[in-house]
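**Student:** One structure, as structure tokens, below. Some questions next.
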Amino acid sequence: MPSLKDLRNRIASVKATQKITKAMQMVAAAKLRRAQMAAEAARPYAERMGAVLANLAGGSAPGSNAPALLAGNGKNDVHLLLICTAERGLCGAFNSSIVRLAREHATSLMAQGKTVKIICVGKKGYDQLRRQFEKQIIELVDLRSLKQVGFENADEIAKKVITMFEAGAFDVCTIFFSRFQSVIAQFPTAQSLIPAEIPTAAASTGPAASYEYEPGQDEILETLLPRNISIQVFRALLENAASEQGARMSAMDNATRNAGDMIKKQTQLYNRSRQAMITKELIEIISGAEAL
């Protein structure tokens, strides 16, 4: 049985940990609002971009050659997985859920005889994936020095992907991230970047409109498709930022509650041990007095 000093040290240690988890919860709550607003503000633009691309792709001439970023290069042998996770931990199952989805996808592709290449955006995903896919990881994008992710960061990642595709380094690119819904609900998501994932119908409640484009639709597609990849990467990073803070807030709240329960149990054990020692000392004193 631990001594009273050990119990006091344990209670003090748990209380110190509880203060840290409570502070982290409050910091995550403060960051969550800004990250959530940024993620929700990016959704309409990204969705509208998809609707414009769907309209352009649907209006292309049947005999015209669609851009490779839209239709792919006709091959399906080499797959590039762009896996976006957090740079830091202590956010529950946020990183693990994204990595699990990416790992299942990569394992399935390799079982079909496909070649898999991985770019990790975020150190936590790299740390988990390198144990099994060290040979497949070709690059780690480190964003730890950034206080807030900007469009220029996403654009830089997108340009690397486009350059690799034009050089014939891969045939299909898929991005993995966590879509934010609420503090307690974040959903791991896989989205095709190349070929572009175009919605089947434009998001419009009115009748379908017919547009005339100048210059030609194929020329506009060649301009919009690279920008669409940057936008989708930026949206994924914003969704990840909001999901990370929501998951961290929930995880730290649970940790704070668990620390409170542990303190309560340890305090009860301390009081019982202290009472037992006092009772034992009183019995010894009374027994000694009676012996005299």
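The values are calculated or read from the model by the stated rules, or taken from the named source; none is laboratory data. All figures in this text were calculated on a predicted structure; none of them were measured in a lab. FYI the Cβ positions are ideal-geometry reconstructions off the backbone, even for glycines, and counts take in every protein chain you see. SASA here: full protein model, heavy atoms, side chains in, ligands and nucleic acids out. Shrake-Rupley method; radii C 1.70, N 1.55, O 1.52, S 1.80 Å.
**Student:** For the structure I just gave you, tell me whether Phe176 is under 23 Å from Met110 (Cα atoms), open to solvent by less than 80 Å² (accessible area, probe 1.4 Å) and assigned to a strand (DSSP E or B).
**Tutor:** Details: under 23 Å from Met110 (Cα atoms): yes; open to solvent by less than 80 Å² (accessible area, probe 1.4 Å): yes; assigned to a strand (DSSP E or B): yes.
Yes, satisfied.
**Student:** For the subset of region 180-198 comprising residues that are β-branched (Val, Ile, Thr) and under 16 Å from Arg227 (Cβ atoms), which member is surrounded by the most Cβ atoms within 10 Å (Cβ to Cβ)?
**Tutor:** Kept after step one, since they are β-branched (Val, Ile, Thr), are these residues of region 180-198: 183-184, 189, 194, 198.
So of that shortlist, the ones also under 16 Å from Arg227 (Cβ atoms) come out as 194, 198.
Numbers: Ile194: 25, Ile198: 19.
Only one residue fits best here, namely Ile194.
**Student:** Pairs needed: first member in region 250-265, over 13 Å from Ala16 (Cα atoms); second member anywhere, of a type in the set (Ser, Thr, Tyr) and in a helix (DSSP H, G or I); C-beta distance under 6 Å; at least 6 residues apart or different chains.
**Tutor:** Every condition considered, the pairs that remain are Met252/Thr21.
**Student:** Tell me, which residue of region 31-71 that is of a type in the set (A, V, I, L, M, F, W, C), at pLDDT 85 or above and more than 15 Å from Ala196 (Cα to Cα) is surrounded by the fewest Cβ atoms within 10 Å (Cβ to Cβ)?
**Tutor:** Going through the qualifying residues, I end up with Ala41.
**Student:** How about region 227-254: which of its residues are surrounded by fewer than 24 Cβ atoms within 10 Å (Cβ to Cβ) and more than 25 Å from Ser192 (Cβ to Cβ)?
**Tutor:** Met249, Ser250, Ala251, Met252, Asp253, Asn254
**Student:** Can you pull out every residue in region 117-138 that is of a type in the set (Asp, Glu) and open to solvent by less than 60 Å² (accessible area, probe 1.4 Å)?
**Tutor:** Quick first cut of region 117-138, residues of a type in the set (Asp, Glu) only: 127, 134.
Passing the criteria: only Asp127.
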